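Encoded as structure tokens, the structure appears first; notes follow it.
The values are calculated or read from the model by the stated rules, or taken from the named source; none is laboratory data. Worth saying up front: this structure is predicted, and the values here are computed from it rather than measured. Don't worry about glycine lacking a Cβ; one is built from the backbone with ideal geometry, like all the others, and counts go over all protein chains shown.
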Number of protein chains: 6
Amino acid sequence: MIYITRRETFCAAHRMCRDEWSDEKNLEVFGKCSNPNWHGHNYVLSVTVRGEISEELGFFINLTTLKQIIQEKIIDKVDHRNLNTEVSFMKGKIATTENMAVAFWNELKPAIEKYGAKLHRVRISETENNTIEYYG
Amino acid sequence: MIYITRRETFCAAHRMCRDEWSDEKNLEVFGKCSNPNWHGHNYVLSVTVRGEISEELGFFINLTTLKQIIQEKIIDKVDHRNLNTEVSFMKGKIATTENMAVAFWNELKPAIEKYGAKLHRVRISETENNTIEYYG
Amino acid sequence: MIYITRRETFCAAHRMCRDEWSDEKNLEVFGKCSNPNWHGHNYVLSVTVRGEISEELGFFINLTTLKQIIQEKIIDKVDHRNLNTEVSFMKGKIATTENMAVAFWNELKPAIEKYGAKLHRVRISETENNTIEYYG
Amino acid sequence: MIYITRRETFCAAHRMCRDEWSDEKNLEVFGKCSNPNWHGHNYVLSVTVRGEISEELGFFINLTTLKQIIQEKIIDKVDHRNLNTEVSFMKGKIATTENMAVAFWNELKPAIEKYGAKLHRVRISETENNTIEYYG
Amino acid sequence: MIYITRRETFCAAHRMCRDEWSDEKNLEVFGKCSNPNWHGHNYVLSVTVRGEISEELGFFINLTTLKQIIQEKIIDKVDHRNLNTEVSFMKGKIATTENMAVAFWNELKPAIEKYGAKLHRVRISETENNTIEYYG
Amino acid sequence: MIYITRRETFCAAHRMCRDEWSDEKNLEVFGKCSNPNWHGHNYVLSVTVRGEISEELGFFINLTTLKQIIQEKIIDKVDHRNLNTEVSFMKGKIATTENMAVAFWNELKPAIEKYGAKLHRVRISETENNTIEYYG
């Protein structure tokens, strides 16, 4: 069993808030991340998949394939976007990195399994100091 | 003459656009950075000042002082903010990193000169691949 | 189950040695790290906690809370300190990164469990090339 | 149980190909990585070993020892080398990072176990975006 | 006057040698970098251009344009290539990073000046420890 | 004219203080960096030299030579040392990074000029956020 991790980046705006709460209540719970005028990040996304090495090829999933899946399923939909208002699979969810990790997992899993690989981990760094990991 | 650089980070939303242009025209000129629903970055700001070392102290400006100036003049005003709509010294300017570098210079210069130091360079990295520098 | 990692840094002096051994014996066992006049590092501490996402909030522990716990329990006690002589929870222990990881774990665990989260991992990088991890 | 990771780097040339295939077939399967005139990387190798801390020493394997094992068993044999033609333990294998991780594991394991430690993970980053991990 | 730097990466094989010298002589002068079977690097290329900000646009050269110039003039010709044998503008030159910086400058300068910008600096990092800069 | 930069690291203890001042006075002026029990850093030293490329060799100073000069003149004397008490060329000076940069310059300059190169810059990062540069 071998693990392969592909790192991608994207830039997006977001806001942490519950729509039914007042700005004051959101500020109290989510702090400056609830700013109604948005803020944003350079997110770093690392997707890890696992599988058995093919003796013929020396790998189990082509990196180009893995890169294309991440590009199509995630980056094309979130890069230079507003995570609260423009990303279909985040609709109805608070735009925390935690919720993003779970949502990204659900988007990536079927596409990766088509290639006989297993999705192992979705890791998202919001800043160089804050990182979320989800293993399904 | 010695040069000292302090690195700080901030997270903000922005959009590149001319308000009097249509979304189509902005998209044509500024690309995906013109998304009307905003996007954002983890900006890295590096401020370099220069001066002569004091023999008594072994430095010419206290790093804590430099850090406080940057915090008060810049970070407090841009971190977790919308650069287009919430930052007074960016009003009326397109929120490019180029314009930010010049505006930051103008905000920092008088405060740093009060301490007998010279502002040498403002450097802003928008992403790990894109960096702007301004020397006045 | 989701994992969140907060990265902090601190600067400290230390020395690897057994007090009852001669400087020669310490040098033989611990190498240049046993220098009796101390040396030091910019340590990078990454603390990982795990829990279930609250549907109401989109996270299970507020990053500000996690940051405050690490600041109060660890950083305030080790930053700009001598790890051999000034840190109560390192008293009587050789100031290796291995022992620090275990000691940090013991300091952090009760504080993190008060918030319903589980401490998952303490990771300390002494240099960019040397990293210790402890999972309890 | 404590985990210690040592990071080393090496520069090498390689090519991904099956010798019995034509250049066209190799290009189709392995893309530009199959260039018959070689290309190369700054590989980053991180070796993680685990063990119980000795109370007398505050560690379970001396970092200098670990560094020497990696130097002798791996770095001396791959640094500034051609991975396809000059590395005995890669002979007959496609020079993918996946195959390298497994081969490195087999080279390192007996040497590390001599010191009473367990090899836990071999991680190789081919670029800042592509990383392979093997746990035996 | 504002400075903008675009960072790109490429992977290539090379060898430092004078063809008319013996392998022994090359080894004596160039060390392990003269290995006749090649080695390689993940090169990091940073190109800095300077100009006056357009008031209408908030920049003086579009980053996408700058990126395309670097891609077309350099990356397409060196990425996953052998710098000694496959790169036309390196023919007849020893494949040192110093010579590469000068050659890259000559390739980039006319293309950048077409856009009214000035090429300021070509910087190439061969490894994280070795960097070359050329200012024309 | 070409510029070459070599990056090295060292770990050392220091304290910022004037010996004739009380601990209180030192604390007031130098803050927590004046802790009488020392603290330390992983310093990153980057030395830049400049010269004309030799057509015969493709460089003007061998990187191995540059590395050896830095090792012998600086790293061997400061690594795993106490900068206040164990480094001859820092005697009588406050152990600030500013004073270190000037002292390193004076140690390196004659050795580098012996090879027909010019010392251009000494850069020292005390932490990832604080950097000093000296150009002579």
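A few remarks follow.
- Meets criteria (in a helix (DSSP H, G or I) and of a type outside the set (Lys, Arg)) for B:Asn84: no
- The residues of region F:70-94 that are crowded, with 21+ Cβ neighbours inside 10 Å and either within 14 Å of chain B (Cβ to nearest Cβ) or more than 21 Å from C:Cys33 (Cβ to Cβ) (or both), listed by number, are F:Ile70, F:Leu83, F:Asn84, F:Met90, F:Ile94.
- If only residues of region C:95-136 that are assigned to a loop (DSSP other than H, G, I, E, B) and farther than 23 Å from D:Arg7 by Cβ are counted, the one that is nearest to the other protein chains (Cβ to nearest Cβ) is C:Gly136.
- Hey, B:Ile61 among the aliphatic types (A, V, I, L, M), in a helix (DSSP H, G or I) and more than 24 Å from E:Ser54 (Cβ to Cβ) or not: no
- Here is the figure for region B:14-49: residues that are among the basic types (Lys, Arg) and either buried (at least 19 other Cβ atoms within 10 Å of the Cβ) or facing chain A (nearest Cβ under 10 Å) (or both) total 2.
- Test result for D:Arg18, modelled with pLDDT of 95 or more, in contact with a strand residue (DSSP E or B) (Cβ under 6 Å, 6 or more places away or on another chain) and of a type in the set (Lys, Arg): no
- For the criterion of being aromatic (Phe, Trp, Tyr), buried (at least 19 other Cβ atoms within 10 Å of the Cβ), more than 14 Å from chain A (Cβ to nearest Cβ) and out of contact with any Asp or Glu (no Cβ under 9 Å at 6 or more places or on another chain), B:Phe59 fails.
- Out of C:Thr9, C:Thr64, C:Thr5, one residue alone is surrounded by fewer than 21 Cβ atoms within 10 Å (Cβ to Cβ) and in contact with a Ser or Thr (Cβ under 6 Å, 6 or more places away or on another chain). It is C:Thr5.
- Among the candidates C:Ile70, C:Ile94, C:Ile2, the residue that is in contact with a Phe, Trp or Tyr (Cβ under 6 Å, 6 or more places away or on another chain) and on the phi < 0 side of the Ramachandran plot is uniquely C:Ile2.
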